[in-house]
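The values are calculated or read from the model by the stated rules, or taken from the named source; none is laboratory data. None of these values were measured; they are calculated from a predicted model. Cβ sites come from the backbone with ideal geometry, for glycine too, and all protein chains shown count toward neighbours.
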Amino acid sequence: MVYLTKDSAIVYGISAGGLTAIEFAAQFPDKIEKLVLASAISKKGLDENEKINKTAQIVFHPNAERFTWGMVRLFSKFFPKLIAKSFYPQFSTKPSHELKQKDSDELVLALNKYHSKKRFLNDIDQSISSDTIAKIKCPCLIVHSGNDNSVSFMHALHAKDMIEHSTLTELDNAWGHLFWIGKDSIQSIKKTLEFVQD
């Protein structure tokens, strides 16, 4: 915060970045005005023996991730709907729905901005104790989909149990983990803005 020349901030932790946001809010309580945990991991997320972890260690290794995202961007450019349909089951437990062109475009737009370097592996390798998350004293909004197929809803329940001044909003949206895509996104955006502006 010293480097940002700000007295306080609202921290938004999303997905695997939730652990970093939680750690920051716990360690610097006087600097954090509010905390938002969006589809966020709130405890050690992936066991090192889990298939998804092993896959991530390969495709998001610093020597390979540029190629990984490059291929995703290339296929997204020529086959946006195919990419959207391929990614959908990774994010949602709901049966594959009839994708709208707007949904595909939003997903492709997001994918085209991704370039993780070492940050993604740092996030999934991070661990956090219950003592740490219990230190958070600022108001916290937890927004999580019951249909999330990337980060279990159990993480939202854990955060709600451990953070004293927290509110949990459960979403029932088509895109699950990516609740900012599609027509269902309006509810989550509205809830977040109300919390931030209150």
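For Lys94, the conditions (1) at pLDDT 80 or above; (2) within 17 Å of the chain's Cα centre (by Cα) are fulfilled apart from (2). Within the span defined as segment 21-33, one or more residues are acidic (Asp, Glu), modelled with pLDDT of 70 or more and in contact with a Cys (Cβ under 9 Å, 6 or more places away or on another chain). Please determine, by comparing only the residues of segment 117-134 that are in a loop (DSSP other than H, G, I, E, B) and surrounded by fewer than 17 Cβ atoms within 10 Å (Cβ to Cβ), which one is modelled with the highest pLDDT. This residue is Ala134. If you scan segment 156-170, which residues turn out to be out of contact with any Pro (no Cβ under 6 Å at 6 or more places or on another chain) and surrounded by fewer than 22 Cβ atoms within 10 Å (Cβ to Cβ)? Matches in segment 156-170: Leu157, His158, Lys160, Asp161, Met162, Glu164, Ser166, Thr167, Leu168, Thr169, Glu170. Test Leu74 against the criterion of being modelled with pLDDT of 70 or more, among the aliphatic types (A, V, I, L, M) and buried (at least 19 other Cβ atoms within 10 Å of the Cβ), and give yes or no. No, not satisfied.
Listed here are the residues, each with its yes/no results for (1) touching a residue at least 24 places away in the same chain (Cβ under 8 Å); (2) in a strand (DSSP E or B).
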residue: Leu157; (1), (2): no, no
residue: Asp161; (1), (2): no, no
residue: Leu168; (1), (2): yes, yes
residue: Asn173; (1), (2): yes, no
residue: Phe179; (1), (2): yes, no
residue: Phe195; (1), (2): yes, no
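Restricting attention to segment 100-115, the residues that are modelled with pLDDT under 75 and surrounded by 17 or more Cβ atoms within 10 Å (Cβ to Cβ) add up to 1. The set of residues in segment 171-197 that are β-branched (Val, Ile, Thr) and exposed (fewer than 12 other Cβ atoms within 10 Å of the Cβ) contains only Ile186.
Quick one: would you say Leu141 is of a type in the set (A, V, I, L, M, F, W, C), modelled with pLDDT of 85 or more, in contact with a strand residue (DSSP E or B) (Cβ under 8 Å, 6 or more places away or on another chain) and not in a helix (DSSP H, G or I)? Please lay out each step first, then the result.
Working: of a type in the set (A, V, I, L, M, F, W, C): yes; modelled with pLDDT of 85 or more: yes; in contact with a strand residue (DSSP E or B) (Cβ under 8 Å, 6 or more places away or on another chain): yes; not in a helix (DSSP H, G or I): yes.
Yes: the conditions hold for Leu141.
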